[in-house]
Structure formats: C-alpha cells, structure tokens
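Every number in this text was worked out from the coordinates using simple rules, so none of it is lab data. Since the structure is predicted, the reported quantities are computational estimates derived from the model, not experimental observations. No Cβ is skipped: glycine too gets one built from the backbone with ideal geometry, and neighbour counts run over all protein chains shown.
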Amino acid sequence: MSDYLLDIETISLESIVGRVLCIVIHEIDSGKVLTFKGENEKQLLTDFWNSIDNFSNIITFNGDFFDIPFLVLRSIVNSVKVKKINSIDLRKIVNSYYLHEDEYRKGSLRTWATILGMRVETHDSSQMSGLYAIGDWDSIEKHCHEDVSICLLLWNRVKECGLI
C-alpha cells in the first residue's frame, strides 16, 4: 500500500454538471508523479483508479469535501470502477478539525504555500474553466502540479510537527 498526494482540477465546483480536467498524483515513497488530463474524462478517471492500489492512503488538501467526492461522483457518471482508499485531508489536520469542527476556520492551500515559503506561480483554480475553454491544457496541468507540490511541503511540515 502506498501513500499518494492528490490534486484535481475541474471545470466547475459542481460535480454533477462539471467534469475532471486533470488529476495529479505523487507517490511519496518513490517520488513518482503521474498526470491524467484531457478531453476523455472516462479514460482519465479509469487510468487514475487503475494507477493506485486498493486501500492506498490518498493525501489531499480539502479532499474529503471536494476532490474525493468529485472523483467518485464523476466515476459513477462515467461508469468507471473505483477503488477503496484511506483519506488523509491536510486541511482537517492544520485546522484542528479532529479537535473541533469550526466551519468558519479558513485557510487555502495558497495561504499555506506562502506560510511555507513557496512562491505560487500559476493561475488559481477559479481560472480552470477559462483555461479549458481556450484549450490551455499546459496551464491546467502546471497548476495541478503546483498544488501537489504545496501539499508535499505541508505534508512534511505536519509530520515534522508530530500531527501525523
């Protein structure tokens, strides 16, 4: 079983009408990074689920509320077989959700990039539908990779602080 950092880019925040544009996973132990992107959503979802092991640890930032439900629902829409995973949501950890649930606690992944000293160079997620409309797949992929890099820094920091 492996630990994977995961980020997705979508055309909408609404999974029923939206679609997945890009998925990036980074296998922590090997450092191997895989990217799935393109017009054929069913194929990229199939390729993603086939690339991970059952019960892998999937590490995200806000993935319990967005990325994972979005991937599962879009897989159902596209009739793609999913695998069982174990989710570790870094946003829950850094906001101490395991101690209390405060819906007003904020903090974006980009905020954490600044805190961790990483310069953010790509568009934010709100720009993905516009980038998709003009066919700028390279910018979509670059942003997704950048988010995974921020997650890796944050993952290392929470481990260093004894939270994992």
Rounded to two decimal places and with Rh computed the Kirkwood way over Cα pairs, what is Rg over Rh for the chain?
0.94
Calculate the spin-label point distance for Ala133 paired with Asp53, positioning each point 7 Å from the Cα along the beta-carbon direction, and give it in nanometres.
4.4
Please build a GNM for the chain, connecting alpha carbons under 10 Å apart, and tell me which residue among Gly38, Gly63, Gly135 fluctuates the most.
Gly135
Given backbone amide H placed at 1.01 Å from N, residues whose amide H is under 5 Å from that of Leu21, ignoring those fewer than 5 places away on the same chain, are Glu9, Thr10, Ile11
Computed helical MRE - 222 nm, the chain, DSSP H runs ≥ 4 contributing -39500 (n - 2.57), nearest 500:
-11500 deg cm²/dmol
If you take the C-alpha gyration tensor of the range 1-79, multiply each eigenvalue by 5 and take the square root, what semi-axes do you get, largest first, in whole Å?
20, 13, 11
When we measure straight from the Cα of Lys37, which lysines land under 21 angstrom away, once same-chain ones fewer than 8 places off are left out?
Lys81, Lys83, Lys142
With a point put 7 Å past each Cα toward its Cβ, work out how far Leu116 is from Asn78 in nm, to one decimal.
2.7
